[in-house]
Structure formats: structure tokens, C-alpha cells
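Comments concern the structure below.
Coordinate-derived values only; no laboratory data. Keep in mind it's a predicted model, so treat the numbers as computed, not measured. Neighbour counts run over all protein chains shown; Cβ positions are idealised from the backbone, glycine included.
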Amino acid sequence: MMENNIDDKGMAMTPKGLRLLLAGFIVMVSGYILMIGGGSDDPQVFNYAMFDFRRLVAAPVVIVLGIVIEIVAIMKVWKSKDKEE
């Protein structure tokens, strides 16, 4: 039979992974915060503030960066210090 080298006693996510998961969530939320605003009080007047660099470029890049951080936090296998021999 094949031996399993997986220790079933610990959590699947390490504290380092959980901190990175929280950091990715905060980065994503900050990207959504960058995207808000820019509405017009008068619907007959066009507001060019809707199409500025912050909403069209910076906010989506920050959100994608947060998603990448989330993927790394979930997929990376973190080595624990007590298992090193």
C-alpha cells in the first residue's frame, strides 16, 4: 500500500494562509471602494467623472490583484516550522 504523508491532525489552512486570505479580501474591498462615486445629481447632465483613471483602470487592477492574492492563499502549501526535520 502507498503511504500518506499528510498529517490529518491540523487545519487545512495555516495561520499564514489565513492572514494572506484576509489581506486579499481587504485588497479586493479597497478596489471596490475605489470604484464608487461619480454619480450626477441631474440626470440630464453628463458627468465625465464616471470615466476617470481611478474607476476604469486602477480599481479593476486592484480587484484582480486581490483575487490573485486569494488564489495564492488558498492554493499554496505552507510549510510549518514544527514539521521541518
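When the Karplus curve 6.51 cos²θ - 1.76 cosθ + 1.60 is applied with θ = phi - 60°, which whole-Hz ³J(HN,Hα) does each residue of the range 49-56 get, with x for Gly and Pro?
For the range 49-56, the Karplus-derived couplings read 5, 5, 10, 8, 4, 4, 7, 8 Hz, x marking Gly and Pro.
Restricted to Cα positions, what overall size does the range 33-82 have along the principal axes? Three whole-Å values, descending.
Ordered largest first, the range 33-82 gives principal extents of 64, 16, 13 Å.
For ALA23 paired with VAL45, estimate the spin-label separation in nm (one decimal), with each label point 7 Å from Cα along the Cα-to-Cβ line.
With each label point 7 Å from Cα toward Cβ, the separation is 4.4 nm.
Return the FRET efficiency for the residue pair ILE36, MET11: r is the Cβ-Cβ distance, R0 is 30 Å, and the value is rounded to the nearest 0.05.
0.30
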